[in-house]
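Engineer: Got a structure here, written out as structure tokens. Questions coming.
Please treat every number below as a calculation from the coordinates, not as lab data. Keep in mind the model is a prediction, meaning the values are calculated, not measured.
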């Protein structure tokens with residue numbers, strides 16, 4: 001489970017950096033890489049970021065013992 005936590009956190013961080021670029025410079029890196037915001041690849045990336053964020057929410061509610069068991 002520790003690997004899943006790290007993957008989710010990495011994807012969520014990438015998503016937040018992308019939103020930072022959108023907010024600061026009106027530049028959507030995901031759309032630029034995928035060839036547009038409406039492409040299938042961009043939509044897959046956006047969904048992956050959303051799922052990673054949802055997964056990371058669960059990390060907030062784990063107590064210390066569960067975190068040690070799961071390697072967080």
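Engineer: Does anyone have the angle between helix 40-60 and the longest principal axis of the chain? Alpha-carbon axes, 0 to 90°, nearest 10?
Structural biologist: 30 degrees
Engineer: Hey, another quick one. Go ahead and estimate [θ] at 222 nm for the chain from helices alone: -39,500 (n - 2.57) per DSSP H run with n ≥ 4, summed, over the residue count, rounded to 500.
Structural biologist: On the way: 4 runs with 58 residues, N = 72.
That calculation yields -26000 deg cm²/dmol at 222 nm.
Engineer: Please report the relative contact order for the chain, taking Cα pairs under 8 Å with a sequence separation of at least 6, and give it as a percent rounded to a whole number. List each step's numbers first, then the result.
Structural biologist: Working: 48 pairs, mean separation 31.3, N = 72.
Reported relative contact order: 43 percent.
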